[in-house]
Each structure stands twice: as structure tokens, then as C-alpha cells.
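> Right, I'll just put the structure down here and ask away after.
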Amino acid sequence: MQMLTRLVERLPQPLLVATVNARKRSPVFRRCSEWVAERLRGRDVLVRDGLAKGLRFNAGHSNAAYMIGSSSPEPDVEAAMAALLRSGMTFYDIGANYGYLSMIAARIVGLKGKVFSVEPLLENVRILEHNVTSNHLANVTVVPVALGATDGQSRFWVSDNPYCGTLANAGKEPARLIGEVSVEVKRLDAFTQNTEVTRPDFIKIDVEGAEA
């Protein structure tokens with residue numbers, strides 16, 4: 001599989017982008033290309049363009065665009081981060097998932113800045129920590145909790161889509177629900193009272209309905 005990964009990394013970028021777009025448009029092409037995508041899942045890939053260009057990213061069993069080293073499926077979010085983040089800032093990535101946006105923020109704010117990646121699901125945390133370590137991002141702190149309205153423990157609905165889980169008392173039950181786990185919850189105010197935590201200059205929140 002290492003040979004397959006290296007082969008994909010050497011393909012021209014326009015061909016990779018066309019492949020991702022074709023998977024989005026054509027169910028037939030998606031089924032035909034799934035064999036390759038499945039064998040790239042869970043592997044480190046080299047990001048080929050966008051603000052994360054040159055970084056290594058493992059997207060677990062997630063979006064095929066990440067798996068072939070293409071740019072983020074959220075270019076508008078990247079554009080907002082590029083416009084608003086500056087060197088030395090503190091960035092909170094709430095609902096960090098595997099840390100793609102955390103990696104971009106870490107690159108922009110630099111060693112004088114800080115990134116706090118908040119993610120409650122342990123499987124996501126494992127991959128998030130791997131991505132941080134693989135790219136030697138010393139300015140990123142992984143925080144394995146959920147942020148919510150009260151401090152304590154809460155039920156968390158888990159979906160087979162790693163991007164769709166949510167706190168059971170704060171959002172709509174996700175599609176393709178596969179179970180629930182108990183997670184630690186902190187209020188944002190309580191989190192920032194930790195003496196090792198810097199107050200934020202920029203907060204990104206993506207927590208599937210629990211934002212309020």
C-alpha cells in the first residue's frame with residue numbers, strides 16, 4: 001500500500017482534482033474508484049495545495065479529497081482563516097475532528113501563537129494527535145473534551161461518519177447513528193480559566209448543532 005500512496009502523490013494535481021470532482025458527480029465513477037480510495041484510507045498523505053500544502057494528513061476513513069492529497073473540501077473556511085488569522089494569535093478549533101484546520105492555523109499563527117484543538121471522541125483524538133506529531137506542530141495542544149453549557153459528563157451520539165457526532169442533549173440525532181459514549185464536557189468559560197490556556201483571538205466552532 002505504500003507503493004500506491006507514493007504513486008498517488010506523484011500524479012499531476014489537475015488529475016487529482018478531476019478525480020475528486022468526478023467522484024462527487026458520478027455515482028458510477030465513485031463505485032469504480034472506491035477500491036483505490038478504500039486502500040488509501042487511514043494512511044498519511046501529502047497535501048498538494050491550499051494552505052496546508054506540504055503537510056502530512058491522515059483523514060482516517062473520511063473524505064476522499066483528503067486521501068488523495070487534494071485541497072480542503074472547505075475552501076471558504078480556509079480563505080476566512082487566511083484573511084483573519086495573524087502570527088502570534090491564539091486559535092480555538094472546537095470540534096477539531098482530525099485537525100486539518102488546526103494544522104493550517106498552527107502554520108499561520110507560528111511559534112509565537114497557540115492552537116487549542118478541542119475534540120471529545122477518543123478515536124478522532126488519536127488521529128488528531130498523530131497528525132500534530134507527524135508535522136512537528138509544537139504550538140498545538142490537543143484537548144480531549146467537549147465544550148458545552150455545563151461542566152460534567154454527557155452522552156455523545158456517534159455516527160459512522162466521523163464528522164457527524166454530537167452531544168445527545170444539544171443537537172439532532174446524527175444520520176447513520178452507531179451508538180453513544182460518555183464524554184467529559186467543559187464550559188468555555190471554565191476551559192479558559194485554566195492557567196495554561198491562552199484566551200482566544202479566533203474561535204472556529206463545528207459541533208453539529210451544539211454551537212449555542
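> Rounded, prolate or oblate, given the Cα gyration tensor of the stretch 71-212, with a/c below 1.5 counting as rounded?
The shape class here is prolate.
> For the full complex of protein chains and a 1.4 angstrom probe, list 90, 198 by accessible area with the highest value first.
198, 90
> Measuring from label point to label point, each 7 Å out along Cα→Cβ, what is the residue 181 to residue 22 span in nm?
It works out to 3.6 nm between the two label points.
> Pull out the extension gain between residue 126 and residue 199, defined as 0.36 nm times the separation in residues minus the alpha carbon to alpha carbon distance; nm, one decimal.
Value of the extension gain: 23.8 nm.
> Now a separate question. Counting Lys +1, Arg +1, Asp -1, Glu -1, what net charge surrounds residue 90 among other residues with beta carbon under 15 Å of its beta carbon?
Result for the neighbourhood of residue 90: +3.
The values are calculated or read from the model by the stated rules, or taken from the named source; none is laboratory data. All values derive from a computational prediction rather than experimental measurement. Glycine also receives a Cβ, built like all others from the backbone with ideal geometry; neighbour counts cover every protein chain displayed. Surface accessibility is based on the protein's heavy atoms, side chains included, excluding ligands, DNA and RNA. Shrake-Rupley method; radii C 1.70, N 1.55, O 1.52, S 1.80 Å.
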